[in-house]
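Chemist: Just passing along the structure, written as structure tokens.
The values are calculated or read from the model by the stated rules, or taken from the named source; none is laboratory data. All of these numbers come straight from a predicted model, not from anything done at the bench. Note that each Cβ is placed from the backbone with ideal geometry, even for glycine, and that neighbours are counted across all protein chains shown. The protein model used for the area step is the full one, side chains on, heavy atoms only, and it has no ligands, DNA or RNA in it. Shrake-Rupley method; radii C 1.70, N 1.55, O 1.52, S 1.80 Å.
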Amino acid sequence: MKFSLAAYSTLLLLSSPNSCNLAKAQDSTCSRPDPLEYSEAISLKVEKVGSIPTRTTKAFDYNMQSMDNFDGDTIYFLDQKFGVIYSFDTSTSETKTVLDIKSSSDNIPEGLTLDWDYGSSGQTYKVKSMSQGTSSDEVIVVFTSSTLPPGWTEADSKLPAPGAFGAYVCGGIAWIKDIYRPGVIPDCFNIGAGLTTLTGYDTFYKYTVVNGELTKPEPFFVSESNIAPGHLGGGIVPVDDGRILWSTGDCNVYGTDGMYAPQLDLESCGKILLIDAKSKHSFKIVAKGVRNSQQMRVFTQPRAPKSPKSPKAPKAPKSTKAPKAPKSPKSPKEGRTRNLKSTKSDSHGTKYLAFMDIGGVTAEEVNAVPLHKLLDDSSHIENFGWGRNIDDGKAREGTFYVNAGNGGVLGSEPSCDENAPLGEAGFIQPWVQFGRTFVDFFFAISSLALPTAGTNKLKLLWSEFNTGKILGTDEMFVEGAPPAKSFKIKLYNAEDGELLENDLNDLVNEEELGDEVGYTSRGDPRLFHFPDGHAGVFVERTGALYKLTEMEMKIP
């Protein structure tokens, strides 16, 4: 979610050390995530390898995303605001436009209404998401239409019933009778005031890829969404036998605790859906309590070493080789078959789903869960905590309980209430978490990467929208463990070896944007994966693509 220049200024004001709102959020019974230090052992080399066309480079006037869950050498980049899909051949660095909703090409599905306008770039998704399809020559594209596609009289997964959830907002001075269909945003909202919201339909199509072209669009699923200043999700990953996982977002406006829908098993908002691309209308809710995940990834992690057993009587050895230490898979084959036909485990280890989740004001998260827990036939729904739980009355964000919040209040709501117990039964707590501090003007997590090449110690990377920082951890995911220790990572430009003092935001200035740089060089970084397993980063504002390689820390 991105906001206007005015909204950015508001956020900095609310997040400043002198802000009474931040002081309110830092309740004495709530410790909040610790500030992060720079790693003393790990740094990253940032090497430019290409670029994607951009329609606008003005601050906060864009909305783009990288899509890397594909087989083969091609990955895709979306101009979500303008409805354009670009393919990028990683073997040749060739960029090609494969879909543009303003063209008359026959690969634009008939019957969709894609010329709708909301007024905020960050919530405008004409082309929302994309992933591998049911075979190597098929891809899935998700459009957001203001009308249902032909053959559908209603969405498959729906918003809560009209009028089911009303709410007072802005500290109680305005009433919205249906928070999922708010109409005109009240004037008291910090951002988005006066904009007219609408109901959108995230419509899933299968395309056959022929010589790099997208052909024969076929719809199979529709998810209803609330196009408003809030959380629209969009994370997607293929998992097994034509099925995909999809994050709906909590469908709510900013400032609230998510309300009850994310914790109600019969509601689709705040969920991860398991959708069958081979069968129209078919889906299942497999996880709940997810606020706003825009990126997912299936990864394989070596199995943890077993506890040593009592020694046995010696036998004649079959082999004199010592057991090998577990390694992250780095072969080209492993990179190229990134997420297709995933199962519980393979010869390399156990498979997990990881996803980034944009937080409120308390904790930005990367979560993980064994993949088989989402794919089995059980009726159990994994719970990541967001939203007000009807059984205990608590709403969770990271390892904290949060207050009810105030819709329309940016930067301080919902405030942190108190610490939740680590390892709380019935809830999955984050692999890593971080928060806004007096040191770093963080806004939100923007992406994640789990590289299998180009790294030595790093297990997980993630990026931050506002500062352009890359953060990471060298700790493997351990189910049920407290959040892993994480750190900021110093970045060095591959061209001259110099430290990027303002992290990836320094590279925005290098793209010669001229007057369009304005007063901020924020670029909105999006991490992705190259087919060989290297981590890459796509800067939304400039379209520049970079490869990241771990280095030992430079010692002065």
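Chemist: Over segment 439-490, what percent of the accessible surface lies on carbon and sulfur atoms, probe 1.4 Å?
Modeler: Carbon plus sulfur share of accessible area: 54 percent.
Chemist: Let me ask you something else. For segment 162-263, what are Rg and Dmax over the alpha carbons, in angstrom?
Modeler: Both quantities, over Cα of segment 162-263: 17.3, 57 Å.
Chemist: Return the ratio Rg/(2.2 N^0.38 Å) for segment 79-213, where Rg is computed over Cα atoms only. Write down the numbers at each step before the final one.
Modeler: Details: Rg = 18.2 Å, N = 135, 2.2 N^0.38 = 14.2 Å.
Computed over Cα atoms of segment 79-213, the ratio equals 1.29.
Chemist: On average over all directions, what projected area in square nanometres does segment 102-170 have, based on the convex hull of its Cα atoms?
Modeler: 7.6
Chemist: On to the next question. Can you give me the convex hull volume of the Cα atoms of segment 238-300, divided per residue and expressed in Å³? Don't skip to the end; give the middle numbers.
Modeler: Details: hull volume 5.8 nm³, N = 63.
So the per-residue Cα hull volume is 92 Å³.
Chemist: Cα atoms only: what Rg and Dmax, in Å, come out for segment 370-449?
Modeler: Gyration radius and largest Cα-Cα distance of segment 370-449: 14.8, 46 Å.
Chemist: Another question, if that's okay. Over segment 414-544, give the accessible area per residue in Å² for a 1.4 Å probe, as an integer.
Modeler: 34
Chemist: Okay, next question. Specify whether the C-alpha gyration tensor of segment 411-556 places it in the rounded, prolate or oblate class, a ≥ b ≥ c being the square roots of the eigenvalues: rounded for a/c under 1.5, otherwise prolate if a/b is larger than b/c and oblate if not.
Modeler: Verdict is oblate for segment 411-556.
Chemist: Now, a different point. In debye to the nearest 20, how big a dipole does segment 447-508 give about its Cα centre with +1 on each Lys and Arg Cβ and -1 on each Asp and Glu Cβ?
Modeler: Charge dipole, segment 447-508, about its Cα centre: 320 debye, nearest 20.
Chemist: Quick one: pull the percent of accessible area on segment 84-222 belonging to carbon and sulfur, 1.4 Å probe, ligands and nucleic acids left out.
Modeler: Solvent-exposed carbon and sulfur of segment 84-222 make up 46 percent of the total.
Chemist: Please state, rounded to one decimal and in Å, the Kirkwood hydrodynamic radius that segment 26-153 gives when every pair of distinct Cα atoms enters the mean of 1/r.
Modeler: With all distinct Cα pairs of segment 26-153 included, I get 17.6 Å.
Chemist: Taking K and R as +1 and D and E as -1, what net charge do the other residues with C-beta under 11 Å from the C-beta of Phe88 add up to? Intermediate results must be reported in sequence, preceding the final value.
Modeler: On the way: positive: Lys96; negative: Asp68, Asp73, Asp89, Glu94.
Result for the local shell: -3.
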